[in-house]
Each structure stands twice: as C-alpha cells, then as structure tokens.
Amino acid sequence: MWQKKWILGNWKMNGRAAMVADFAAACGAVPDGVVAGVAVPVPYVQAMRAVLPDSLLCGAQDVSRFDVDGAFTGEVNAAMLADVGAQFVIVGHSERRQYFGEDAADLSAKLQHAQAAGLLPVLCVGETAAEREAGREMAVVSEQLSVLKDKNWDNVVVAYEPVWAIGSGRAATVAQIEQMHAFIYGEILSYVAQGANIRILYGGSVNADNAPALLKIAHVDGALVGGASLRADSFAAIIRAAG
Ligand code: PGA
C-alpha cells in the first residue's frame, strides 16, 4: 500500500445522497499499483463506505480538535468518524485555515486525535500566491509541517496544495512541484523514525489531462483531487492514469 500511487478525492461541501451510489459504481476498478479514496461531507461518510468497494478508501474532510464526547455542539470527533467507517481524514486544508482560522495548535490536536482513533490523517500544506511572490514558500511550508513534531509516525501522508493552484485551473509547474516535494520529503524525514512510510500528494487543479505528467514527477506519490473528483468519470480517469 505504501509503495503505490495515492489518488484521493475531496468533494468539499458538494454532493447529495443521490450522488453517492452512482459515484461508487462509476469509479471502476482500482489498478494494482494505486490506492484510491474519496473524502465526502460527514453526512455521506457512512453511506459512501457502505457502497464503495473495499479497494477504495472513504474519508472525511475535517475532524474536531476535541477528542472526548460531550458539550461541543456541532463538532464531530475522530472516534465518531471511525465509527461510521471513515478510514482517513483531511487535516489543515487551506480552506479550513482560511475560513475557520485553524492554527498549528488546532492541527496538532486534530492529527493526534485522528491517529489515536485509527484514522489516517492527510495533512495539507501550501503557500498563498503572495507568500510565493515574496519568496517565502519554503519557510511557510516548513512552518506548516512542524505540526508533525512530537508524534510517533509510522505512516505520514502530506498533500502539497499551493493555495493559488486550488480550484484555479492553473496547477503548479513541474519545476515548482519537483522542488517543493523534494523539500517536503526532507522536512518529513526530520519528524519520523527511520522506515516510516511517507506519501506526498500534490493537489491543486489536478485533472485527467494533467495527472499523467504530474504523477511522474519525483516525490509525487499521488494526488489530492478537488473539482475533478466530483464526477466519477473524471476521477476514474485520474485513477487509471496513476495505474
Ligand atoms: P482542486 O482542489 O482540485 O479543485 O484544485 C484541490 C483541493 O483543494 O484539495
């Protein structure tokens, strides 16, 4: 599983119950060399897990920073996500950082609770356009990765998603991705024990057309796919491209 290419979809706040079964049916077979999955809104996690084949992972897009049950109206904790069949959870997506003000302390707690509940966290990092223009992209990503510290990682999945590439139709260039993924790999090594499994996904305007080239870049172990995961045919094409 850890030598394969990972293709994870992120529906964001999209979808309806009626889409779930169609998506699962249309995703098609996952090639041998690929791990594929989709993170859906919480109300659809259980239904999606029920209809997805075993070869596809079902995930959530966020988890509470509180792990105990109790008086936290509106929150969903890691144990609940695991209970309804989630296998992975996106943590620190730039939209969470931007609209919900999630900071390093929140993300550190979320990573810890996901791990404790047996969910695989997928940590998102990435700079804004202004930060890249200021030449600060490495510093920003390095700082974001520091939430990995002080945890025992056997398996780490990080998604590099430059904020300016998300939903813009303008993926980062091969050179930008190559440089950043090599950098991220080096940084992750400083937080994990020897032999830990590391997957670094690229995200930001990945589609069926650009996926084959993006997935060939060194240290690109897969993709986190937003818009193109909403249609099962385009998502299935990306899964096939990874195979
Ligand atoms: P996009 O989103 O593929 O629509 O650019 C990626 C993401 O935000 O995970």
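The values are calculated or read from the model by the stated rules, or taken from the named source; none is laboratory data. All figures in this text were calculated on a predicted structure; none of them were measured in a lab. Neighbour counts are summed over all protein chains in view; Cβ atoms, including those assigned to glycine, are modelled from backbone coordinates with ideal geometry. When the accessible area is computed, the model is the full protein with side chains, heavy atoms only, and any ligands, DNA or RNA have been set aside. Shrake-Rupley method; radii C 1.70, N 1.55, O 1.52, S 1.80 Å.
For a straight C-alpha distance cut-off of 19 angstrom, the lysines reachable from residue 151 (same-chain residues fewer than eight places away being disregarded) are 110. Summing charges over neighbours of residue 226, with a neighbour being any other residue whose Cβ is under 13 Å away from its Cβ, gives 0 when K and R count +1 and D and E count -1. Note on the chain: with a GNM built from Cα contacts shorter than 10 Å, the maximum mean-square fluctuation among 55, 94, 108 falls on 55.
The apolar share of the surface of the chain, taken as the fraction of accessible area on carbon and sulfur atoms (1.4 Å probe, ligands and nucleic acids excluded), comes to 51 percent.
Highest GNM mean-square fluctuation among 74, 169, 92, for the chain modelled with Cα contacts below 10 Å: 74.
Among 167, 126, 101, the largest mean-square fluctuation in a Gaussian network model of the chain (Cα springs under 10 Å) belongs to 101. When the charge dipole of the chain is built from unit charges on Cβ atoms (+1 for Lys and Arg, -1 for Asp and Glu) and taken about the Cα centre, the candidate among 120, 159, 38 whose Cα reaches farthest toward its positive end is 38. Restricting the trypsin sites (Lys or Arg not before Pro) of region 140-197 to loop positions (DSSP other than H, G, I, E, B) with no more than 12 neighbouring Cβ atoms within 10 Å leaves 149, 170.
Computing Rg and the Kirkwood Rh from the Cα coordinates of the chain gives a ratio, Rg/Rh, of 0.93.
Annotation: aspartates and glutamates with alpha-carbon distance below 19 angstrom to residue 5 (same-chain offsets under eight excluded): 32, 54, 154, 161, 178, 209, 221, 233.
In terms of overall dimensions, region 1-105 has a Cα radius of gyration and Dmax of 14.5, 44 angstrom. Taking the Cα centre of the chain as origin, work out the dipole magnitude from +1 charges on Lys and Arg Cβ and -1 charges on Asp and Glu Cβ, in debye rounded to 20. Using only the charged Cβ atoms, the result is roughly 440 debye.
Qualifying GluC sites (Glu not before Pro) in region 60-110, where qualification requires a DSSP coil assignment and no more than 14 other C-beta atoms within 10 Å, comprise 75. Using only the Cα atoms of region 73-188, each taken as one equal point scatterer with no solvent, compute I(q) by the Debye sum, divide by I(0), and report log10 of the ratio at q = 0.11, 0.14, 0.21 Å⁻¹. One equal scatterer on each Cα of region 73-188 leads to -0.38, -0.61, -1.22. Shown in residue order for region 203-220 are the 3J(HN,Hα) couplings computed by the Karplus curve 6.51 cos²θ - 1.76 cosθ + 1.60 at θ = phi - 60°: x, x, 6, 6, 9, 5, 6, 8, 4, x, 6, 5, 6, 8, 5, 4, 6, 9 Hz (x for Gly and Pro). With contributions of -39500 (n - 2.57) from each DSSP H run of at least four residues, the per-residue ellipticity at 222 nm computed over the chain stands at -10500 deg cm²/dmol.
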